[in-house]
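**Q** Pasting in a structure now, in structure tokens, and then I'll have a few things to ask.
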Amino acid sequence: MEAVSTPEAPAAVGPYSQAVVSGGFVFTSGQIPLDPDTGEVAGGGFEGQVRRALASLDAVLRAAGSDRSRVVKVTVFLTDMGRFGVFNGLYEEFFGSHRPARSVVEVGALPRGVDVELEAVAELP
């Protein structure tokens, strides 16, 4: 197992890695919408949070030697399923025609009071 770290995504805020590489796959930790430079929650409301979390996910995948086109599974945590339509549109913009398996779950709360968290599993080339 190899730990992955990149300054282009928020640093881990606990005893975990941004991602690990094992068995030909990348397993990312949950990415919340923190600005990697300031550590603050991304601005721009819910849409800004989703875009920041996706950008962090992208950065971690690249640092691991993979990319979004190799993602096989995404798990999404939302604090309000009423925002599913907005999230889905941004997610489709991010992944384009690529359609990894996905679960979306509504949760009561997320770290730092954010509204979205994403994790993914991707193949390595």
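Read-outs throughout are calculated quantities, based only on the coordinates presented, and are distinct from any laboratory measurement. These numbers come from a predicted model, not from an experiment. Every residue, glycine as well, gets a Cβ built from its backbone with ideal geometry; the counts of neighbours run over all protein chains shown.
**Q** Name the residue from 55, 23, 38 whose Cα lies farthest towards the positive end of the charge dipole of the chain, charges +1 on Cβ of Lys and Arg and -1 on Cβ of Asp and Glu.
**A** Farthest along the dipole direction, towards plus: 23.
**Q** Taking N as the number of residues in the stretch 1-109, what is its alpha-carbon radius of gyration divided by 2.2 N^0.38 Å?
**A** 1.04
**Q** Among 112, 70, 52, whose mean-square fluctuation peaks in a Gaussian network model of the chain (Cα, cutoff 10 Å)?
**A** It is 112.
**Q** For the chain, what is the charge dipole size about the Cα centre, in debye to the nearest 20, if Lys and Arg each add +1 at the Cβ and Asp and Glu each add -1 at the Cβ?
**A** 280
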